[in-house]
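Accompanying notes for the structure given below.
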Amino acid sequence: MSKKSEELLSRLGVPKEATGAHAGEWLSASGELQASLDPTSGETLAEVRGCTPSEARAVVDRAAARFLEWRMRPAPKRGELVRRLGELLREHKVALGELVSLEMGKIRAEGLGEVQEMIDVCDFAVGLSRQLHGLTIASERPQHRMIEQWHPLGPVAVITAFNFPVAVWAWNAALAAVAGDTCVWKPSPRTPLASLAVQALCNRAADAEDARGVLSLAMGGADVGVSITEDPRVPLVSFTGSVAVGRDVAVRVAKRLGRSILELGGNNAVIALDDADVEMVVRAVTFGAVGTTGQRCTSTRRLFLQRGIARSVTERLSAAFRSVPIGDPLADGTLVGPLVGSSSVRAYRAALEKAVAQGGEIVAGGRVLERPGFFVEPALVRAPRHDAFPIAWEETFAPILYVFEVADLDEAIAAQNAVPQGLSSALFTDSVRASERFLSAAGSDCGIANINLGTSGAEIGGAFGGEKETGGGRESGSDAWKGYMRRQTCTVNGGKDLPLAQGVAFGGG
Ligand code: NAD
């Protein structure tokens, strides 16, 4: 194991044996070895053994058994587990954030930001643990009362992607735990160390709250994911990842009439009108397109510029793309780290080749760097008409921005909405009328629509997710907690008669 990862894991309290064989809390596992690669050097940081599908089922066994007690614990007491986890995350923010950067390649500020997001959602969930409210509903029958209440759902599964290796788990797990569910996590095989570190913190929080087994881990690849999604004891699978895999998960879960929350790929656009603040557009689009090396589900991939500002914004963006410091994500001053692996570099190259073949012109960046690791230059591509440029309809998980010129807002909205994905969108304008149109039912069709800020960097307080092929799921804030619970409508008769609804008379009644 590399020195740096060994040091971070020890600061995070991961026992040595956990990196040798892992499932559950620290159960032994005998599945395939998962290599954690350092994307900055291409070298192996560590190898962790995942579990087999049958070991994953054993993890579900334990989560199902633990659920029987956990569901009866009062919700504010369940919140104590999440409060403790939030405290441990605060204490270990730097070590965990750096481990995320080391293993996934996002810059240090973003690694720390990801852990802050976990802390924020823990705080939110602790508050929620005293607010899982139902409704009181007027009954049409005399001396009857109707209420709606929310109960825990069961052992739920959370399957996550590599690019937010810890925060996405927290969006789900913090809510699930206060909702009274137990939670089995199958993380990305690309980021095993970050998930081991989070599990170590979960175990410490659980020991203090007699809650071992509420939050557990089933490390592994697609076979482990399939075994969990097909398990009839798992009423909910929350899946974050690509559209292709999400489609498979959705079908498997639907086949057994389970519930899924799907958070899949995006293809996010910014529209900037002639009256936009150009300085803000350039800053927001640069962060949106090159931040996290273009590997956020909310990364800005398409930019629609109204004619009057098209030339000047494109020039300023190319200058920004050319000057952005690329390098070691843990070094001061770096703004763009490596891509996660060689397959991402291949996807970047292939997309740019297609872009050029389809009539695009690369105006900045576009090269793979000659150095160890998986480094590429952020690429800015001047594109022809949107409908004649199919590469822009796909999500390429890399820092490539396609720039289109449009006549007006209606043309931009139509093009923005034309793609199959529907996650995040943004409009830059000073016009109230334009902004209201963008936010109206005839405007953006995405789950996220912003005015005068970029497409990425959502807060945890809002419900997060997108429409169409992005999957329709919602996680994190607002009333997303309802997805982790079951609703029960209860009618109570406080009288001595037995009136039927709709005035139905039955026999002597
Ligand atoms: P991926 O689809 O390759 O993998 C996601 C997870 O699914 C991994 O844990 C993987 O091991 C698992 N998996 C693979 N095959 C499976 C199967 N048949 N059944 C069950 N699980 C299976 O995605 P990735 O490359 O890790 O992540 C990038 C993708 O995730 C991008 O498309 C990105 O847009 C998307 N993403 C979406 C959101 C969102 O909130 N909408 C957030 C982050 C990432």
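Measure nothing fancy, just the Cα-based angle from helix 53-70's long axis to the longest principal axis of the chain, in degrees from 0 to 90, nearest 10.
50
For T491 paired with D277, estimate the spin-label separation in nm (one decimal), with each label point 7 Å from Cα along the Cα-to-Cβ line.
Roughly 5.6 nm, to one decimal.
Could you tell me which GluC sites (Glu not before Pro) in the stretch 344-417 are loop residues by DSSP with no more than 11 other beta carbons within 10 angstrom of their beta carbon?
Those that pass, being in a loop and sparsely packed, are E370.
Quick check: residue separation of K4 and R322 times 0.36 nm, minus the Cα distance between them. What number comes out in nm?
Residue separation times 0.36 nm, minus the Cα-Cα distance, leaves 111.4 nm.
How tilted is helix 243-255 with respect to the longest principal axis of the chain? Cα atoms for both, answer in degrees (0 to 90, nearest 10).
20
When DSSP beta bridges are limited to those with both residues in the chain, what percentage is antiparallel, rounded to the nearest 5?
Restricted to the chain, the bridges split so that about 40 percent are antiparallel.
What GluC sites (Glu not before Pro) in the stretch 37-128 are in a loop by DSSP, with at most 12 other Cβ atoms within 10 Å of the Cβ?
Passing both the DSSP loop test and the Cβ count: E43.
Can you say what percent of the DSSP beta bridges in the stretch 413-509, counting only those with both residues inside, are antiparallel? Round to 5.
50
Provide the three semi-axes, in whole Å and in decreasing order, of the ellipsoid equivalent to the stretch 435-505 as defined by the square roots of 5 times the Cα gyration tensor eigenvalues.
Equivalent ellipsoid semi-axes, largest first: 41, 17, 11 Å.
Show the residues, 5+ positions off or on another chain, whose built amide H is closer than 5 Å to the amide H of T182.
Residues meeting the criterion, in which the H sits 1.01 Å from N, are G154, V156.
If amide hydrogens are placed 1.01 Å from N in the peptide plane, which non-local residues have theirs closer than 5 Å to the one on A379?
HN-HN under 5 Å from A379: G366, I400, L401.
Taking the stretch 438-509, which trypsin sites (Lys or Arg not before Pro) meet the DSSP loop condition and have no more than 11 other C-beta atoms within 10 Å?
K496
Given a 1.4 angstrom probe, what's the average accessible area per residue across the stretch 143-245, in square angstrom?
Heavy-atom SASA per residue in the stretch 143-245 reads 23 Å².
Expressed in nm², what is the orientationally averaged projection area of the convex hull enclosing the Cα positions of the chain?
26.5
Tabulate in residue order the Karplus-calculated ³J(HN,Hα) for the stretch 312-323, using 6.51 cos²θ - 1.76 cosθ + 1.60 with θ = phi - 60°, rounded to whole Hz; enter x for Gly and Pro.
My calculation for the stretch 312-323 gives 5, 5, 4, 5, 5, 5, 5, 5, 5, 4, 6, 9 Hz in order.
Each residue of the stretch 143-150 in order: what ³J(HN,Hα) in whole Hz does its phi give by Karplus 6.51 cos²θ - 1.76 cosθ + 1.60, θ = phi - 60°, with x for Gly and Pro?
So the J values, rounded to whole Hz, are 6, 10, 9, 10, 9, 10, 10, 10.
Of all the accessible heavy-atom surface of the chain, with the other protein chains kept in place and a 1.4 Å probe, what percent is carbon and sulfur?
Carbon with sulfur: 52 percent of the solvent-accessible area.
What is the distance, in nm, between label points placed 7 Å from the Cα along the Cα-to-Cβ direction at L453 and at A254?
Placing both labels 7 Å beyond Cα along the Cβ direction yields 3.4 nm.
Find the accessible area per residue for the stretch 367-509; the probe is 1.4 Å, ligands and nucleic acids are left out, and the unit is Å².
With the other protein chains kept in place, the stretch 367-509 gives 48 Å² per residue.
Roughly speaking, what is the stretch gain from F506 to E370, that is 0.36 nm per residue apart minus the C-alpha to C-alpha distance, in nm to one decimal?
The F506-E370 span can extend by a further 40.7 nm.
Filter K255/K354; K16/K482; K93/K186; K16/K106; K106/K482 down to the pairs with a C-alpha to C-alpha distance above 28 Å, please.
Pairs exceeding the cut-off: K255/K354; K16/K482; K106/K482.
Please compute the length gained on full extension between S242 and H144, using 0.36 nm multiplied by the number of residues separating them and subtracting their Cα-Cα distance.
Between S242 and H144, full extension yields 30.4 nm more.
Out of I400, L427, H386, whose Cα points farthest toward the positive end of the dipole of the stretch 365-474 (charges: +1 Lys, Arg; -1 Asp, Glu; placed on Cβ)?
After comparing all options, I get I400.
Starting at the first residue of the stretch 216-228, write each ³J(HN,Hα) from the Karplus equation 6.51 cos²θ - 1.76 cosθ + 1.60 with θ = phi - 60°, in whole Hz, x for Gly and Pro.
Those phi angles translate into 9, 10, 10, 6, x, x, 4, 5, 5, x, 5, 4, 6 Hz.
May I ask for log10 I(q)/I(0) of the stretch 204-357 at q = 0.10, 0.12, 0.15, 0.16 Å⁻¹, from a Debye sum over the Cα atoms as equal point scatterers with solvent left out?
Reported log10 I(q)/I(0), two decimals: -0.59, -0.78, -0.99, -1.04.
For the Cα atoms of the chain, what angle does the longest principal axis make with the long axis of helix 342-357, in degrees from 0 to 90, nearest 10?
60
Using a 1.4 Å probe, what is the accessible area per residue for the stretch 299-341, in Å²?
39
Distance between Cα centroids, the stretch 264-279 to the stretch 183-207: provide it in whole Å.
Going from one Cα centre to the other spans 36 Å.
The values are calculated or read from the model by the stated rules, or taken from the named source; none is laboratory data. Since the structure is predicted, the reported quantities are computational estimates derived from the model, not experimental observations. Cβ coordinates were reconstructed from backbone atoms using ideal geometry, including for glycine residues, and neighbour counts include every protein chain displayed. To get the accessible areas, we keep the full protein, side chains included, count just its heavy atoms, and leave off ligands, DNA and RNA. Shrake-Rupley method; radii C 1.70, N 1.55, O 1.52, S 1.80 Å.
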